[in-house]
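Reviewing the structure listed below.
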Amino acid sequence: MKILTLVITLFFTTNVMSQNFIQYVNPLIGTQKMGHTFPGATVPFGAVQLSPDTDQQPLNIGGKYNPDAYKYCAGYQYDDSEIVGFSHTHFSGTGHSDLGDFLIMPTVGELQLEPGTKNDPKSGFRSKFSHENETAEPNYYKVLLEDDGILAEMTTTTRVGYHQYTFPKSDNAHIILDLMHGIYNYDDKNVWTFVRVENDHTIVGYRQTNGWARTRTVYFALEFSKPFKN
């Protein structure tokens, strides 16, 4: 009887281990209202959380606390219909926030260097998107940026974020790097930002901010698969 029990136990354990539990993971859970989770790509204990930010709300307006900032603790709100870009660091499930470092946004057409707003989305870079054209899986995120017809895909390793952008045919395509963007932004949060162009496919730099940690400094190296012009 003991031998029979042991055999059954081993068989059951092997069967469970062979199942693909990843199929049951939905990174969009908690992204609506006050769930404060993000749908983007990350690995367990990873230093990179590469995810879309659907708005950028300042922590204070006119010297008073802005309650809308609290909605964007993780940068993403499921009920929004626009994306302002993809940043590389996010908290998940917190009741307060920070981070949102190194936002990247691909665009086509006239170059705009400031983000658009909810009230005036055409005033800067920003794009509509639909959940019908959005995929969120463990360590993989994909979305169609509808304004410019750009397919954005991303994944990560422990310290690296990989972006793949499929552009429509154009002679005027851009990759925007915004070092001023952040979650829970306020005056003087950005202490110092630095960028150096190494060559036609590599950019390095860092950003220093005051948030949960004073003068927190994060460094980056940005490598392109194709040479850029300027």
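The values are calculated or read from the model by the stated rules, or taken from the named source; none is laboratory data. Since we're looking at a predicted model, the values are computed, not measured. Cβ atoms come from the backbone with ideal geometry, glycine included; neighbour counts cover every protein chain shown.
Would you confirm whether or not segment 116-132 contains a residue that is hydrophobic (A, V, I, L, M, F, W, C) and surrounded by fewer than 18 Cβ atoms within 10 Å (Cβ to Cβ)? Checked segment 116-132: no residue is hydrophobic (A, V, I, L, M, F, W, C) and surrounded by fewer than 18 Cβ atoms within 10 Å (Cβ to Cβ). Within segment 18-27, the set of residues being over 13 Å from the mean Cα position of the chain (by Cα) and either among the basic types (Lys, Arg) or modelled with pLDDT of 95 or more (or both) comprises Asn26 only.
Could you check segment 170-193 and list, in sequence order, the residues that are of a type in the set (Asp, Glu) and over 26 Å from Lys71 (Cβ atoms)? Spell out how you get there, then give the answer.
Going through segment 170-193, the residues of a type in the set (Asp, Glu) turn out to be 171, 178, 187-188.
Answer for segment 170-193, where residues must be of a type in the set (Asp, Glu) and over 26 Å from Lys71 (Cβ atoms): just Asp171.
For Thr37, the conditions (1) among the polar types (S, T, N, Q); (2) within 19 Å of Lys118 (Cα to Cα); (3) within 18 Å of the chain's Cα centre (by Cα) are fulfilled apart from (2). Within segment 135-144, being under 18 Å from Gln32 (Cβ atoms) and without any contact (Cβ under 8 Å) to a residue 24 or more places away in the chain holds for one residue alone: Thr135.
Please work out which residue is nearest to Glu223 (Cα to Cα), limiting yourself to segment 92-137 and to residues that are of a type in the set (Lys, Arg) and at pLDDT 95 or above. Full working, then the answer.
From segment 92-137, those of a type in the set (Lys, Arg) are 118, 122, 126, 128; that's our starting set.
This time we only want the ones that are at pLDDT 95 or above, so: 126, 128.
Details: Arg126: 23, Lys128: 27 Å.
Ranking the qualifying residues of segment 92-137, first place goes to Arg126.
Applying the selection to segment 13-69, what residues are among the acidic types (Asp, Glu) and free of Cβ contacts under 8 Å to residues at least 40 places away in the same chain? Result: Asp68, single match.
Among the residues of segment 191-229, just one is among the small types (Gly, Ala, Ser), part of a strand (DSSP E or B) and more than 17 Å from Tyr162 (Cα to Cα), namely Gly205. In the set Thr158, Thr135, Thr107, Thr166, only one residue is surrounded by fewer than 14 Cβ atoms within 10 Å (Cβ to Cβ) and either more than 24 Å from Gly211 (Cβ to Cβ) or in contact with a Pro (Cβ under 7 Å, 6 or more places away or on another chain) (or both); that residue is Thr166.
Identify all residues within segment 85-103 that are within 10 Å of the chain's Cα centre (by Cα) and in a loop (DSSP other than H, G, I, E, B); write none if there are none.
Within segment 85-103, the subset within 10 Å of the chain's Cα centre (by Cα) is 85-90, 100-103.
Across segment 85-103, the qualifying residues are His88, Thr89, His90, Gly100, Asp101, Phe102.
Take Ser87 and decide whether it is surrounded by fewer than 20 Cβ atoms within 10 Å (Cβ to Cβ), within 21 Å of Phe129 (Cα to Cα), among the polar types (S, T, N, Q) and at pLDDT 95 or above. In short, no.
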